[in-house]
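Structure, as structure tokens:
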Amino acid sequence: MSLPVVKPTKILHLSAAKSWGGGENHLLNLCLELPEVEHFVLCKKGSEPVERFSSYKLNIFAAPLLIKPDLRYVLKLIRICKREGINLIHIHDSTALTLAVMATKLSALPPFVLSKKTSFPIKDRGRTLYKYNHKNIQKILCVSNETRRVTFESVKDKNKLTTIYHGTRPSNPGNNPCSLRERFNIPKDSILVGTVANHIRAKDLGTWVATIDRVVNRLGMKNFYFIEIGKITERTADYNRQIREKNLQDYCMFTGFLPEASELISQFDISFMTSQSEGIPQFIYESFYNRVPVVSTNVGGIPEIITDGENGMLSNPFEAARLADKLIALSQDKVLQKKFTERSYKKLIENFTSTEMARQTLAEYKKVLYGENRSGS
């Protein structure tokens, strides 16, 4: 006689992020795409994710997190698991993993699924290796094959690793965002090159500035305008200093964080990324969906979704001159732009939607809860 199967209904998602980024967008998409699962989300108190998640019909909890091993977050995690009857804990960042592992010292917890969303290798340190090999972790969901490759080196049980591309969720067609050109007085006849990225080291906005310098000052292409949408940080002042020193104020700008950024991408003529490390940025998926051609560095999992010359243009990181040359070449070839956008859109719809991401993730949840050969249906 076969045993009765209980559906996986209660998942606790752990996020320790302070600001909103691609990882938090992935968490939200996962909750929206799996209505058959009851989702609970524990975030850092006072963080942007708490504010954003609270506008959806989700079970949102917040706990103080002033230092990485903040016991208040740990205790709240344990209380939620006991009170709500959580079946599985899905961990969405490294700090959240540290806190979950701490919690296992104080209480028995459900099994863990860990999302590895960056291509940073795991540091070869005892405590770090311990938490990534913790016995509660049953699956590690890697955002790309490159992320899986770098993680493979540090995880003892290789069978825990699987690749699930995050993909994107189509934006609300009823939204009517502002005109970027009107709002920021951008010349109507300029080629609008857009970037969506927070001002963090991984995004390498120093190369972004150097590329603009090459386009405008070295090659004399005054018909370009570069706009960058993303959270301002302590790095921004130095980028602004470089812009002033190179007299680029009339050709580029930082808008700061805009909550409607995804809806604005369709207004770009070209999407542009200068990252020095990545998982796979949501911005590229959204550019595919909005049929905007992409020029990017070839870091992390980006070469897994863009083939240089086939559905976009790629360059090595830090190569501002080469990135500039590719931007100019693409801007002057409308046929190539159309080819790139048609191929990228088709690739996205067939392989990289959040619906497909959620389907694969649910399958991994069921494997953890019911075994590799049981569907849980």
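How much length, in nm to one decimal, is gained on full extension between S54 and N217, taken as 0.36 nm per residue of separation minus their Cα-Cα distance?
Numbers: separation 163, 0.36 × 163 = 58.68 nm, distance 4.58 nm.
Full-extension gain reported as 54.1 nm.
If you place +1 on the Cβ of every Lys and Arg, -1 on the Cβ of every Asp and Glu, and leave all else neutral, what size is the dipole of the range 59-162 about its Cα centre, to the nearest 20 Debye?
Dipole magnitude for the range 59-162 comes out near 200 debye.
Carbon and sulfur atoms: what percent of the 1.4 Å accessible area of the range 47-143 do they account for?
Reported share for carbon and sulfur atoms: 55 percent.
Roll a 1.4 angstrom probe over the protein heavy atoms and tell me the percent of accessible area of the range 280-329 that is carbon or sulfur.
Details: 700 of 1520 Å².
Answer for the range 280-329: carbon and sulfur cover 46 percent of the accessible area.
Rounded to the nearest 0.05, what FRET efficiency do Q332 and K123 have when you use their Cβ-Cβ distance and R0 = 51 Å?
0.70
How high is the relative contact order of the range 1-120, in percent, with contacts defined as C-alpha pairs under 8 Å that are six or more residues apart?
28
Once you charge only the Cβ atoms, +1 for Lys and Arg and -1 for Asp and Glu, what is the size of the charge dipole of the chain about its Cα centre, to the nearest 20 debye?
Taking the Cα centre of the chain as origin, the dipole is about 1320 debye.
For the ranges 237-247, 260-270, what's the packing order if you count other beta-carbon atoms within 10 Å of each residue, average per peptide, and put the highest first?
Peptide ranking by packing, descending: 260-270, 237-247.
Efficiency by 1/(1 + (r/R0)^6): what FRET value for T162 and E234, r their Cβ-Cβ distance, R0 = 41 Å, to the nearest 0.05?
The calculated FRET efficiency here is 0.70.
Label S107 and E153 with points 7 Å out from Cα along Cα→Cβ: what is the distance between them in nm?
Each label point lies 7 Å from its Cα, and together they span 3.7 nm.
When the accessible area of the range 227-273 is split by element with a 1.4 Å probe, what percent falls to carbon and sulfur?
Result for the range 227-273: 44 percent of the exposed heavy-atom area is carbon or sulfur.
I need to check one value: relative contact order of the chain, counting alpha carbon pairs closer than 8 Å and at least 6 residues apart, in percent.
Answer for the chain is 16 percent.
Calculate, in nm to one decimal, what R241 and K135 gain on full extension: separation in residues at 0.36 nm each, minus their alpha carbon distance.
So the chain would gain 33.3 nm between R241 and K135.
Can you give the accessible area per residue of the chain, in Å², using a 1.4 Å probe?
On the way: 17320 Å² over 377 residues.
Per-residue accessible area for the chain comes out at 46 Å².
Taking the 0 to 90 degree range and rounding to the nearest ten, how far is the long axis of helix 22-33 tilted relative to the main principal axis of the chain, both from C-alpha atoms?
The angle comes out near 60 degrees.
The values are calculated or read from the model by the stated rules, or taken from the named source; none is laboratory data. Just so you know, these numbers come straight off a predicted model, no measurement behind them. No Cβ is skipped: glycine too gets one built from the backbone with ideal geometry, and neighbour counts run over all protein chains shown. With ligands, DNA and RNA removed, areas are computed over all heavy atoms of the protein, side chains included. Shrake-Rupley method; radii C 1.70, N 1.55, O 1.52, S 1.80 Å.
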